[in-house]
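This report refers to the structure that appears directly beneath it.
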Amino acid sequence: MRIMAKRVAVLGGGVIGLSYAWELRRRGHEVLLFEAGECGGQASGAAAGMLAPFSENGDQPDDFFLLCLESLQLYPRWVEQVEAASGLSAAFVRSGSLYVAFHEADLLALETRMRWQNDFGAGARILTGAALREAEPALTGAAVAALYIPTEAHIYAPLYVRALEAACRREGVRIFDRQGNVELRSLDPVTVSAQAGAFEAEAAVICTGAWSGSWQEVLGLDVPVFPIRGQICAYAALPDRPVRHMVFGSQGYVVQKANGTVVCGASEDVVGFDTSVTERGIGRLERWYATLLPGRAGRPVHAWAGLRPATPDGWPLLGPLPGARHIVIAAGHYRNGILLSPATARAVADWLDDRAKDGASGVRAAGGGDGRGTGGGQAAGAPGARTWRPESFAPERFSGNRSVAWL
Ligand code: FAD
Ligand code: GLY
């Protein structure tokens with residue numbers, strides 16, 4: 001199908017805005033990206049960079065899990081293309097993960113998780129005793145078992161957003177950063193007002209992270225996105241005792257990064273738009289770190305915080321506005337925005353191209369799969385394929401009481 005090239009304004013230069021800008025530009029659209037501060041300067045640059053749909057969503061294979069899993073499947077090829085386009089590394093590492101249990105009673109929960117996750121290509125197994133010590137020698141002997149998932153991966157988020165920004169610039173996305181308060185003056189046509197001037201476009205994508213609630217008056221639609229602060233810190237890695245996997249537990253996670261640090265996160269604080277770190281928040285992480293990895297107690301070399309864009313039900317707002325398909329909202333990615341960047345970029349670009357109202361590529365349970373584990377998705381509609389349903393993420397799902405007839 002031939003796609004008409006459009007002029008698209010992308011609002012927000014975090015991982016979500018940058019991913020969409022790049023995907024839209026690759027499809028031949030003219031793209032203008034507006035960022036209040038520095039690209040990647042908020043939640044995206046603060047993230048731990050874990051690509052962990054199984055470890056982060058352990059309850060059930062719901063639509064959010066399917067969306068996250070599709071994104072993990074897209075990642076290797078996507079990141080290879082971002083790196084080729086930018087000439088920069090994003091430090092993608094297929095480290096695998098361990099979800100650790102400290103009590104026999106927690107084993108049942110891990111086994112339940114393993115059973116349904118293996119239907120989706122996790123390749124998970126439970127490690128105990130010597131097998132666990134051999135897999136992760138740094139781990140405390142107090143851990144009785146861990147769910148090992150070889151298919152999960154991580155990237156180094158600050159490098160990833162830098163690579164995305166460079167890829168965008170090289171492909172011809174016009175980036176207007178350090179613009180302060182960018183506004184939408186009108187919706188049809190789209191008129192963006194920024195320090196650099198006023199710009200018209202045929203379509204707009206709103207991806208302003210935790211700040212996305214500020215658009216609800218101009219959109220005439222509830223946009224219930226709010227900030228949840230994540231405090232996080234990093235320790236110097238020990239060259240002779242690397243942490244090989246992402247290690248998750250009930251109190252947080254650790255992951256060794258390409259820059260020679262072990263990152264330990266993270267708090268979930270309801271404190272508005274405050275990005276400071278606190279003694280209490282980092283102190284809790286210090287205790288968790290020392291418990292999980294004995295012999296490493298001490299102060300982190302660096303501590304920081306970012307604002308996750310949260311929604312009341314924890315799922316992002318994704319999709320075109322009712323009655324105005326040229327305005328797309330993509331916000332509220334909460335704990336998984338880095339993971340979700342390829343899948344949601346593709347879905348948003350498909351919506352703007354009017355190509356696939358269903359968005360999803362389909363994720364097949366292992367029983368009927370193609371044998372490539374999380375390496376390959378299936379065409380939507382293939383027998384046995386399970387796809388996420390776009391209506392689960394529709395922006396208007398929170399707008400019971402407001403009119404959307406603003407055009
Ligand atoms: P942001 O990165 O916040 O970008 C939004 C941008 O919009 C900002 O740069 C802001 O300046 C700009 N903006 C705001 N208002 C305007 C305006 N009016 N005009 C123009 N620009 C505007 N996710 C994972 O997948 N894996 C992880 O391991 C992970 N770890 C995390 C750890 C921590 C401590 C935190 C805080 C988050 C973590 N996340 C992780 C979540 C992830 O960081 C977010 O989901 C993701 O960064 C959201 O991206 P975004 O582009 O929507 O938001
Ligand atoms: N996904 C990890 C975090 O948000 O802290």
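The values are calculated or read from the model by the stated rules, or taken from the named source; none is laboratory data. From a predicted model like this one, the values you see are computed outputs, not experimental measurements. Here Cβ is always computed from backbone atoms with ideal geometry, including for glycine, and neighbour counts include all displayed protein chains.
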Looking at GLN256, is it at pLDDT below 95 and within 16 Å of ligand 1 (Cβ to nearest atom)?
no
Within segment 30-83, track down each residue that is among the acidic types (Asp, Glu), surrounded by fewer than 24 Cβ atoms within 10 Å (Cβ to Cβ) and more than 15 Å from ligand 2 (Cβ to nearest atom).
GLU30, GLU38, ASP59, ASP62, ASP63, GLU80, GLU83
Out of all the residues in segment 111-118, is one or more within 21 Å of the chain's Cα centre (by Cα) and within 16 Å of ligand 1 (Cβ to nearest atom)?
no
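A quick yes/no check of all residues on (1) acidic (Asp, Glu); (2) part of a loop (DSSP other than H, G, I, E, B); (3) away from ligand 2 (no atom under 16 Å from the Cβ); (4) modelled with pLDDT of 90 or more:
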| position | (1), (2), (3), (4) |
| --- | --- |
| LEU307 | no, no, no, yes |
| LEU318 | no, no, yes, yes |
| ALA330 | no, no, yes, yes |
| LEU339 | no, no, no, yes |
| ALA347 | no, no, yes, yes |
| ASP358 | yes, yes, yes, no |
| GLY371 | no, yes, yes, no |
| GLY377 | no, yes, yes, no |
Quick check: anything in segment 245-262 surrounded by 23 or more Cβ atoms within 10 Å (Cβ to Cβ) and in contact with a Cys (Cβ under 8 Å, 6 or more places away or on another chain)?
yes
Quickly run through segment 276-305 and pick out the residues that are in contact with a helix residue (DSSP H, G or I) (Cβ under 8 Å, 6 or more places away or on another chain) and modelled with pLDDT of 95 or more.
PRO300, ALA303, TRP304, ALA305
Counting residues that are aromatic (Phe, Trp, Tyr), within 16 Å of ligand 2 (Cβ to nearest atom) and at pLDDT 95 or above, which strands (runs of 3 or more DSSP E) fully inside segment 180-238 reach at least 1?
226-236
Residue list for segment 268-315, restricted to those being without any contact (Cβ under 8 Å) to a residue 40 or more places away in the chain and aliphatic (A, V, I, L, M)
ALA290, ALA297
Name the single residue that is farthest from ligand 1 (Cβ to nearest atom) among those in segment 286-320 being surrounded by 17 or more Cβ atoms within 10 Å (Cβ to Cβ) and more than 22 Å from the chain's Cα centre (by Cα).
ARG296
Tell me, which strands (runs of 3 or more DSSP E) lie completely within segment 1-110 with 3 or more residues that are within 13 Å of ligand 1 (Cβ to nearest atom) and not aromatic (Phe, Trp, Tyr)?
7-11
